[in-house]
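The values are calculated or read from the model by the stated rules, or taken from the named source; none is laboratory data. Since we're looking at a predicted model, the values are computed, not measured. Backbone-built Cβ (ideal geometry, glycine too); neighbour counts: all protein chains shown. What goes into the accessible areas is simple: the full protein's heavy atoms, side chains included, and nothing from ligands, DNA or RNA. Shrake-Rupley method; radii C 1.70, N 1.55, O 1.52, S 1.80 Å.
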Amino acid sequence: MNKSTLTLAVTAAILGQTLSQQAVAAGFIEDSKATLSFRNFYVNQDIRNQDASRSEEWGQAFFLDYKSGFTQGPVGFGLDVLAMHAIRLDGGGRSGKADIERTPGGMFPLESNGKGKTDFGRVGVTGKLRFSKTEARLGTLLPKMPVLTYNDGRLLPQMFHGAQITSNEIEDLSLTAGKLEHSTERNSGDSYGLSICGANSGSKAQFSNEFYFAGADYKATKDLLLQYYYGNLRDFYKQHFFGLVHDWKLPVGALKTDLRYFYSDSDGKNESASGRAEGYVSSGANGSSGEVDNNLWSAMFTYSLAGHALSAGYQKVTGNSDFPHIFLGNGRTLYLITDSQMGKFASAGENSWVAKYAYDFAQIGVPGLKASLAYVSGDDIDAAGSDTKEWERDFRVDYTIQSGILKGVSFMWRNAALRGNDTRDQDENRLMVSYSLPLF
């Protein structure tokens, strides 16, 4: 475990001298922005097929997001700071206590007695440099790529720490590359090494501080986007992603096509039996050696018309391992059409069907109100004994007040049910109220 303050200190030292000389330059101050945000979050999760306590937690978070402009000159320098603090309103009881009805829901770090901490916080600092249409960033990052996406499903978001460069020098082509070394999980103020399912816990848990990534987004036409991304978590896996997104305006409505393909293979110690014996393994099918071996492809089609959006998709996983991705056991977001409120539907051998419906009530005179319903069904999961299956139903309602003294206040309710013949049956509710206030 490494303290995130170490990363902050190093970043500040590198940038301090330069920024002290140029911070007053036009652009750094004039183009800066600051936003104060509030998030009130409640979550409960109930296991239906086991005699277990329900998970429950409620908290309030505050965010101060400062983004500077860039100093003048051929090379511009800037600095972003994201400070956040969470206060526990209801900790959900005490974890590990016998015969309890409630247990903390993973929103806050735990004290030694099993109760959630009364509060915790963190500060993320990112130095940035801009030359022409190329920007480099060092420090705290919130990546949103096919090979890695940060998770924001609780009170505070997951954060990563490293370096990234993005270039838009060529028209219609965006290039990115970088390296990540640590992550700060949603319920922690500390930073940790990176790992995957199968190797992220237990006495043989193994971690890496080297995740390399690169990618390209090419706008071939105004309606067609082509993508390629590469990710490599050293000693665990290498991953290639190919994507195609096409928007087709029809005489009535529009059709969106979204095609995705991931090819993942072993890397470093995961390639050898001796390395896997040390703990560099992946979760996977019954009888799997723990070596990463996975192919995943999917297709999603969405027809939209006058506020309605109807989607249908299919996803297929092949190979002996589950879909590999960075995961420390406290929430993950995957760039998959099956990424749901609770389940991911990315186990070895799994076939999944997806159906979704969404409606924007602005079409009938209620702006700010949106609702969606999704159903995912997966089967043929390779597991001990027999093939298994699972399904999940998600319902979501969002509303943002459009006028008056509470203008901009947003409400969200998410409800999900997850069922399977070889898994815990779970129900979950999430309620969130949020508001952002621009300071300057």
Q) What residues of region 277-304 lie in the reach of a label at Lys204, counting those whose backbone N is under 14 Å from a point 7 Å from the Cα along Cα→Cβ? A) 277-284, 287-292
**Q.** Computed magnitude of the charge dipole of the chain (debye, nearest 20; Cβ of K, R +1, Cβ of D, E -1)
**A.** 1000
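By how many nm would the segment from Lys33 to Leu64 lengthen if fully extended, with 0.36 nm per residue of separation less the alpha-carbon distance? Intermediate values should be presented prior to the final figure.
Numbers: separation 31, 0.36 × 31 = 11.16 nm, distance 1.06 nm.
Full extension of this stretch gives 10.1 nm more.
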Q) Which order, highest average first, do 258-265, 155-162, 272-279 follow once you tally other Cβ atoms within 10 Å for each residue and take the mean per peptide? A) 155-162, 258-265, 272-279
Q.
If you consider only alpha-carbon coordinates, what radius of gyration and Dmax does the chain have, in Å?
A. 22.7, 68
**Q.** Carbon + sulfur, % of accessible area of the chain - ligands and nucleic acids excluded, 1.4 Å
**A.** 55
Q: Which order do the peptides 284-291, 49-56 take when ranked by the mean count of other beta-carbon atoms within 10 Å per residue, highest first?
A: 284-291, 49-56
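Throw me the Rg/Rh for region 175-243, computed over C-alpha atoms with Kirkwood Rh, two decimals.
With Rh from the inverse mean 1/r over Cα pairs, Rg/Rh is 1.11.
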Q. Using alpha-carbon positions, what is the distance between the centroids of region 87-132 and region 386-422, in Å?
A. 22
Q) Looking at region 157-215, which trypsin sites (Lys or Arg not before Pro) are DSSP coil and have at most 16 other C-beta atoms within 10 Å of their C-beta? A) Lys204
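Go ahead and run the numbers for FRET between Asn295 and Ile364, Cβ-Cβ distance against an R0 of 41 Å, rounding to 0.05.
0.40
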**Q.** Simple spin-label estimate for Asp380 and His308 in nanometres, 7 Å along Cα-Cβ
**A.** 3.2
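Which pairs break 26 Å Cα to Cα here: Lys67/Lys249; Lys222/Lys407; Lys179/Lys356; Lys33/Lys219; Lys144/Lys222?
Lys67/Lys249; Lys222/Lys407; Lys179/Lys356; Lys33/Lys219
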